Amino acid sequence: MRRIALTLVVALSASPALRADPPHASYIFPAGGQRGTTVNVRVGGHFLHERAVFEMLGSGITAPAELIRGETIWFEGPLIRQPASQASEDYPQDYAGQIAIAADAANGQRWWRCWNAQGVTAALPFVVGDLPEFVEQEAQGDPIPVAVSLPVTINGRIFPREDVDIWSFARVRPHFL
């Protein structure tokens, strides 16, 4: 009986069909926020299921205990011809949450990660800063200039492929003493 149980355990553990894929996180967008604000974030990941435990390390940050799978933003980009071995593209699913940054939070990086029963993602950075933040709103079609006031931190991403974003701001004259 003992030999049969041991054989069964070894056979089941060696079966690739019974192994779960570990979770993976690709990004957090925006990649940071200004002190004293609350930031709506999207985390892109694979194998996080419908909900994923979320943790942000460091003081001055309040983050949700879990992220909820949301609608994944998708724009079709230009066709890239690929060999058959690379034809399948596997884009991350979006998970949503809010991060509150205390007004007295120290500037700099905080590290975050997700996990579930299959494992833990690698820790990735989220940056806390002093400057006002502007988050790009993706739109399909030709780029439209967006006016921003300096100084500012702009959070954008190249999405889809060959995406172009245009920002405009007033010319600043240098001040000399």
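Quick note: the coordinates plus some simple rules give every number you see, no bench work behind them. As the structure is a prediction and not an experimental result, all values here were calculated from the model. Cβ atoms come from the backbone with ideal geometry, glycine included; neighbour counts cover every protein chain shown.
Could you tally the net charge around V146, taking each other residue with its Cβ under 9 Å from the Cβ of V146, Lys/Arg +1 and Asp/Glu -1? Cβ neighbours under 9 Å give a net charge of -2.
So if the hydrodynamic radius of segment 102-177 is defined as the Kirkwood radius over C-alpha pairs, what does Stokes-Einstein give as its diffusion coefficient at 10 °C and 1.306 mPa s, in µm² per second? D = 99 µm²/s.
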